Amino acid sequence: MSLKDLFRKQRKYATIPSEQAKKEIPEGIMEKCPKCGTIFIAKELEKNLKVCHSCGYHFSLSAPERIASLIDEEHFFPFDEDLRSVDPLEFPGYVEKIEQDIKKTNMNEAIVTGEGTIGGYPVILGVMDSRFRMGSMGSVVGEKITRAAERAVKKKYPFILFSASGGARMQEGALSLMQMAKTTAALERMNREKVLFISVLTNPTTGGVSASFSSLGDINIAEPGALIGFAGRRVIEQTVRQKLPDDFQTAEFLLKRGQLDQVVPRLELRDTLIKILAFHA
Amino acid sequence: MSNPLSFEKPIVELRNKIEELRAFTSEKSIDLSEEIETLEKKAERLEKEIYGNLTTWQKVQIARHASRPTTLHYIHTIFTDFLELHGDRLYGDDSAIVGGIAKLNGLPVTVIGHERGTDTKDKISRNFGLPHPEGYRKALRLMEQANKFGRPIITFIDTQGAHPGMEAEERGQSEAIARNLREMAGFSVPIICVITGEGGSGGALGIGVGNKLLMLEHAYYSVISPEGAATILWRDASKAQEASEALKITSDHLLKLGIIDEIIAEPKGGAHKDPNEQTILIKQALLKYLEPLLAMSGEELIEDRYKKFARIGEFSSAVLEGKA
């Protein structure tokens, strides 16, 4: 990378993080905001929970980062860490992709579930990680969410679930589709037992995940700018044959249309959750 | 044969030839019965060979066949006294999903299904069976009504998927489907779902959470359309045929995966070849599965449904295996 690149004029309206933008900055030391182009020292950005100081752009958080940002004194007791995906359909390339993602993320699957306290309130927490197979839901993700919800019912603890997912996982076919029914059936039990469910929708929450547990919170919260929707933008553009508005399927768009309770910036999220938990304690 | 599919061409050609010979026989008073008989046998062998070894893609073509019976055909032939009920009471009436009350062998039930339409005008007015949120919310309203009055719920699934459109998103397509999944899990009446044609992902599942899941032999049920999968995998929608094989979307695979409870046989060549025979086969299956469910209490039905879905999924316990 040359100095010239560093000071290259930014496109004014670029909102989508591009591969190119990521590559322009030496990995690990500096980070560049894909929205406004501001360059940060990575550690400074992390201190700010990966929110751009300048424009408020929310970078993706990994599941461990998210958990650390919420849980008291980092006391977190994970559930079902041993569950791993198999290849039930013998789908081309699936096993290799799973192995790659395990290496890349140091996680076994696209979700971490467990128990901890937030502001002193015990909770069951689930956090999806979009780095692992785009956070997609296959058998393991469905099973872990179901078991977490069952524990929430058993312990009468609120269940907080952070979505970050492209949807149901194609490589497990209809088994993935059925996880939508399986996880929501567990939420139905929670609902009947009057256990609080808070759904936090982060970037992205789409497809089969948005069309199942993510939309069913007693309270639905989203992070600013998060992409949330059922169908993909390109598919919709092809169907309606017109350009969609820029803010289509963003958290702010959904808030206006009555699909969310609040859009909460990440730096205020923990306090908001504590406030909600206090109401239900 | 109406609208033959490409793989049926050899059968159609042979059948046409037999017809020609028959016509020739009666016109010219020449006895060709021996030749005709030989060809008839050949045609039967050919049918057995082709229809007995359908590929996934051929089944998808049958499931999408323009003449394949639709939900309203089944509603009108399996049930009596059908009274259609319209609207979601919130926004509109989505005719891509139809529903109402009817009698199955005298028993009042609520019946709901995707309706793709029959002729072009009908298809357009029903958006080809791709529902908007109001369709799912109408279905929910009718199911809540069934639950209130203790009527079993029977659904027919036949959609490419929920409508991908701007208004559908604005009105909460995701929420409408999600809510149906949750509420269907909690109803204390028997629910039987029959996949009759295309089972297109969340849009199909939105009326698909039942105690029993039955599937017509050549129907398919998939997390993504074969075309969509091909686009993601190979950036080429024309490779849908390959993608359909990889996704394991046919009834035999879904039975093995523990997702469906029974395959309902289809007449040779598909339901459209003999819609009335298909009606009989579906009705028999419904009665067979409904009877034991009617003997169960509301709590038992909810528990049964919960366990059915809780069982679905395949995974390993890596840590335990690693330690062993």
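The numbers here are math on the coordinates, done by the rules we state, and not lab data. Small disclaimer: the values here were computed from a predicted structure and weren't measured. Cβ sites come from the backbone with ideal geometry, for glycine too, and all protein chains shown count toward neighbours.
Please compute the Kirkwood hydrodynamic radius of chain B from all pairs of different C-alpha atoms, in Å with one decimal. Display every interim value, and only then the final one.
Numbers: mean 1/r = 0.0470 Å⁻¹.
Averaging 1/r across every pair of different Cα atoms and inverting gives 21.3 Å.
If you stretched the chain out fully between B:F149 and B:T120, how much longer would it get, using 0.36 nm times the residue separation minus the C-alpha to C-alpha distance?
Between B:F149 and B:T120, full extension yields an extra 6.7 nm.
Taking the Cα atoms of the stretch B:34-193, report the difference between the largest and smallest coordinate on each principal axis, in whole Å and largest first.
66, 42, 29
What whole-number distance in Å separates the alpha-carbon centres of the stretch A:69-91 and the stretch A:204-281?
Their Cα centres are 24 Å away from one another.
Could I have the simple spin-label model distance between A:R192 and B:K307, label points 7 Å from Cα toward Cβ, reported in nm to one decimal?
The two pseudo-label positions are separated by 1.4 nm.
Short version: ³J(HN,Hα) in whole Hz for each residue of the stretch B:214-220, in order, from phi by Karplus 6.51 cos²θ - 1.76 cosθ + 1.60 (θ = phi - 60°), x for Gly and Pro, what are they?
With the stated coefficients, the stretch B:214-220 comes to 10, 9, 5, 3, 9, 6, 9 Hz.
How high is the relative contact order of chain B? Use alpha-carbon pairs under 8 Å, at least six apart in sequence, and give a whole percent. The partial results should precede the final answer.
Working: 561 pairs, mean separation 46.8, N = 324.
It comes to 14 percent, rounded to a whole number.
Residue farthest toward the positive end of the dipole of chain A, with Cβ of Lys/Arg at +1 and Asp/Glu at -1: which of A:A185, A:P265, A:I236?
About the Cα centre, the residue reaching furthest to the positive side is A:I236.
Taking Cα pairs under 8 Å and at least six residues apart, what relative contact order does chain A come out at, in percent? Provide the component values of the computation, followed by the final result.
Details: 507 pairs, mean separation 35.6, N = 281.
Relative contact order comes out at 13 percent.
Relative to the first principal axis of the alpha-carbon coordinates of chain B, what is the inclination of helix B:298-310, with its axis defined by its Cα atoms, in degrees from 0 to 90 and to the nearest 10?
Rounded to the nearest ten degrees, it is 70.
Along the Cα→Cβ direction, 7 angstrom out, place labels at B:A295 and A:S54. What is the inter-label distance in nm?
With each label placed 7 Å out from Cα toward Cβ, I get 7.2 nm.
In chain A, how does Rg compare with the Kirkwood Rh, expressed as the Rg/Rh ratio over alpha carbon atoms?
Rg divided by Rh gives 0.96.
Compute the FRET efficiency between A:K256 and B:S316 as 1/(1 + (r/R0)^6), taking r as their Cβ-Cβ distance and R0 = 45 Å, and round to the nearest 0.05.
Given R0 = 45 Å and the Cβ-Cβ separation, E is 0.50.
Toward the positive end of the charge dipole of the protein assembly as shown, about the Cα centre and with charges on Cβ (Lys, Arg +1; Asp, Glu -1), which of A:G207, B:T110, B:S201 goes farthest?
A:G207
Quick check on the stretch B:239-324: take the gyration tensor over C-alpha atoms, sort the square-rooted eigenvalues as a ≥ b ≥ c, and tell me if it's rounded (a/c under 1.5), prolate or oblate. If you can, show how the numbers build up before the last one.
Numbers: a/c = 3.85, a/b = 1.24, b/c = 3.10.
Cα axes put the stretch B:239-324 in the oblate bin.
Nearest 500 deg cm²/dmol is fine: what mean residue ellipticity at 222 nm does chain A get from its DSSP H runs of n ≥ 4 alone, each adding -39,500 (n - 2.57), divided by its residue count?
On the way: 11 runs with 105 residues, N = 281.
The helix contribution divided over chain A gives -11000 deg cm²/dmol.
Could you work out the per residue convex hull volume over the alpha carbons of the stretch B:177-324, in cubic angstrom? Walk me through the numbers before you get to the answer.
Numbers: hull volume 23.5 nm³, N = 148.
Normalising the Cα hull of the stretch B:177-324 by residue number yields 159 Å³.
Quick one: grab the alpha carbon gyration tensor of the stretch B:124-166, order the square roots of its eigenvalues as a ≥ b ≥ c, and give me rounded if a/c is under 1.5, else prolate or oblate depending on whether a/b is larger than b/c. Write down the numbers at each step before the final one.
Values: a/c = 3.18, a/b = 2.11, b/c = 1.51.
Judged from the Cα gyration tensor, the stretch B:124-166 comes out prolate (a/c at least 1.5, a/b above b/c).
Show me B:104-117, A:136-149 ranked by packing, highest mean number of other Cβ atoms within 10 Å first. Before the final figure, lay out the partial values.
Details: B:104-117: 20.9, A:136-149: 26.1.
Listed from highest to lowest mean packing, they are A:136-149, B:104-117.
Report the Cα-based extents of the stretch A:100-212 along its three principal axes, largest first, to the nearest Å.
In descending order, the Cα extents are 36, 28, 20 Å.
With the cut-off at 28 Å, tell me which of the pairs B:K248/B:K308; A:K47/A:K275; B:K17/B:K48; A:K43/A:K104 have Cα atoms farther apart than that.
Values: B:K248/B:K308 20 Å; A:K47/A:K275 23 Å; B:K17/B:K48 18 Å; A:K43/A:K104 20 Å.
Pairs exceeding the cut-off: none.
Hey, which of these cross-link pairs are over 21 Å Cα-Cα: B:K212/B:K273; B:K103/B:K123; B:K256/B:K307; A:K182/B:K239; A:K144/B:K138? Mind dumping the intermediate values first?
On the way: B:K212/B:K273 26 Å; B:K103/B:K123 27 Å; B:K256/B:K307 17 Å; A:K182/B:K239 31 Å; A:K144/B:K138 32 Å.
Exceeds cut-off: B:K212/B:K273; B:K103/B:K123; A:K182/B:K239; A:K144/B:K138.
Return the distance in nm (one decimal) between the two label points of a simple spin-label model at B:S33 and B:S238, each offset 7 Å from Cα along Cα→Cβ.
That separation, rounded to one decimal, is 5.2 nm.
For the stretch B:152-245, just say rounded, prolate or oblate: build the C-alpha gyration tensor, square-root its eigenvalues into a ≥ b ≥ c, call rounded for a/c under 1.5, and beyond that prolate if a/b exceeds b/c, oblate if not. Don't skip to the end; give the middle numbers.
Values: a/c = 2.93, a/b = 1.42, b/c = 2.07.
It is oblate, given that a/c is not under 1.5 and a/b is not larger than b/c.
Enumerate the aspartates and glutamates that A:K35 could reach by cross-link, defined here as Cα to Cα under 16 Å, with residues fewer than 8 away along the same chain left out.
Within the straight-line limit of under 16 Å, A:K35 reaches these aspartates and glutamates: A:E19, A:E24, A:E223, A:D246, A:D247.
If you average the C-alpha positions of the stretch B:254-306 and of the stretch B:105-139 separately, how far apart do those two centres end up, in angstrom?
20
Just need the Rg to Rh number for the protein assembly as shown, please, alpha carbons only, Kirkwood Rh. Write out the running numbers ahead of the final one.
Working: Rg = 26.5 Å, Rh = 25.8 Å.
Reported Rg/Rh, Kirkwood definition of Rh: 1.03.
Cα-Cα pairs above 16 Å in the stretch B:123-202: how many percent?
Numbers: 1689 of 3160 pairs.
In whole percent, the share of Cα-Cα pairs in the stretch B:123-202 beyond 16 Å is 53.
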